[in-house]
Amino acid sequence: MAPKSLHVDYATVPKLIELVTYIVESISLGFDRWDEPYVRGPSLYFVIVSGTHAREYADPLGENTWPVDVCRVVTEDLDSFVAAAESVAFERDGAVIVSADGTIQKQMVRIKSPGPGTIDDGDEIEYADWMGTKHLSAVESSVREEVLAAVTLSEETGRVTVFEDGEFMDFQRGELGGLWRPNG
């Protein structure tokens, strides 16, 4: 495990997290069937990492891949990123790994639960009773040294959550938009 001092806060990372969050919120707000019974909404799980690989804490998730032919870098073409994210949200499962420079890994993954000695003893993980498997994975992955943030979209409610350092900011569908809301 890397020493805590190597957890670099890249100048572009906060903007990257905001951009991914904004796009995930847009996808949630663009789906208008949340209240219908037996309807599965879009679901997303992005993990923003400081390195380029997640092999130590992630396993490939079968045939689930990010469409790199549509969008390889988050910031290159936002329309392409939205199109790729929307298709993944309805057709694939697993976490999407995004490097701090915005490069998206093709293979979607299952993040492993941290084992003993994987996280600092001082790191505490805050859980909420509404968290499902994806959210539990995201909050646990967020305490890893290599993980800068995780952003999820709940398929049940449209809730968007940003996880950093074992803590989370949770936005119910009616609260989405934050800084981007015209009157908010």
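Considering region 136-151, and only residues there that are touching a strand residue (DSSP E or B) at 6+ places or on another chain (Cβ under 7 Å) and under 14 Å from R110 (Cβ atoms), the residue that is surrounded by the fewest Cβ atoms within 10 Å (Cβ to Cβ) turns out to be S137. The strands (runs of 3 or more DSSP E) found wholly in region 5-100 and carrying at least 2 residues that are free of Cβ contacts under 8 Å to residues at least 40 places away in the same chain occupy 58-65.
Scanning region 41-53 for residues that are in contact with a strand residue (DSSP E or B) (Cβ under 7 Å, 6 or more places away or on another chain) and either over 19 Å from T12 (Cβ atoms) or among the β-branched types (V, I, T) (or both) returns P42, S43, L44, Y45, V47, I48, V49, T52. Considering only residues in region 15-42 that are among the aromatic types (F, W, Y) and at pLDDT 90 or above, the one that is nearest to A150 (Cα to Cα) turns out to be Y22. Could you grab me the full set of residues in region 15-47 that are β-branched (V, I, T) and closer than 16 Å to Q107 by Cβ? The answer is V47, and nothing else. Here region 101-124 is the region considered, the condition is being hydroxyl-bearing (S, T, Y) and in a loop (DSSP other than H, G, I, E, B), and the residue that is modelled with the highest pLDDT is S113. Evaluation of I125 against the conditions (1) among the hydrophobic types (A, V, I, L, M, F, W, C); (2) over 16 Å from I23 (Cβ atoms); (3) without any contact (Cβ under 8 Å) to a residue 60 or more places away in the chain; (4) out of contact with any helix residue (DSSP H, G or I) (no Cβ under 8 Å at 6 or more places or on another chain) shows that the sole unmet condition is (4). Is there a residue being touching a strand residue (DSSP E or B) at 6+ places or on another chain (Cβ under 7 Å) and more than 23 Å from T161 (Cβ to Cβ) anywhere in region 81-100? No, the conditions are met nowhere in region 81-100. The listed residues are D101, D165, D129, D59, and the only one of them that is out of contact with any Pro (no Cβ under 9 Å at 6 or more places or on another chain), surrounded by fewer than 21 Cβ atoms within 10 Å (Cβ to Cβ), of a type in the set (D, E) and under 25 Å from E36 (Cβ atoms) turns out to be D129. Among the residues of region 53-68, not one is touching a helix residue (DSSP H, G or I) at 6+ places or on another chain (Cβ under 9 Å) and either within 14 Å of L19 (Cα to Cα) or acidic (D, E) (or both).
The values are calculated or read from the model by the stated rules, or taken from the named source; none is laboratory data. Fair warning: this is a prediction, and the values are worked out from it, not measured in the lab. So basically every Cβ, Gly included, is an ideal-geometry build from the backbone, and we count neighbours across all protein chains shown.
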